[in-house]
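Notes follow once the structure below has been shown.
The values are calculated or read from the model by the stated rules, or taken from the named source; none is laboratory data. Nothing here was measured: the structure is a model prediction, and the numbers come from that model. Cβ: placed from backbone, ideal geometry, glycine included. Neighbour counts: every protein chain shown.
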Amino acid sequence: MNETIFIACKQLIDDAKNGCADLVFKEICLEILNRARNVLTEEQFRQLTDYAAERMKEKSLTEAQLPM
């Protein structure tokens, strides 16, 4: 069950990254992490936190497409 929730959380983070502005994406990640902490194992939560941090570091498509 925990593995299914872990995968679902990663998918939610990916969906938010693809469909939201950067600030909204970060808020959604924080909310996902807050809720996931209660249901995932410590190791899964650390992995999810690392995954979310990496996704936050990536430039969003809109940022990458803006001319300088």
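If a residue counts only when it is modelled with pLDDT of 90 or more and surrounded by 13 or more Cβ atoms within 10 Å (Cβ to Cβ), which helices (runs of 4 or more DSSP H) contained entirely in the chain have at least 3 such residues?
It comes to 2-19, 22-36, 42-57.
Which residue pairs have Cβ atoms closer than 7 Å, lie 6 or more positions apart in sequence or on different chains, and pair a first residue in segment 10-23 that is without any contact (Cβ under 8 Å) to a residue 12 or more places away in the chain and over 15 Å from Lys57 (Cβ atoms) with a second residue that is in a helix (DSSP H, G or I) and of a type in the set (Val, Ile, Thr)?
The qualifying pairs are Cys20/Ile28.
Output the qualifying pairs, or none if there are none: Cβ atoms under 6 angstrom, residues six or more apart or on different chains, first residue in segment 36-47 and under 12 Å from Thr4 (Cβ atoms), second residue aromatic (Phe, Trp, Tyr).
Leu40/Phe6; Gln44/Phe6
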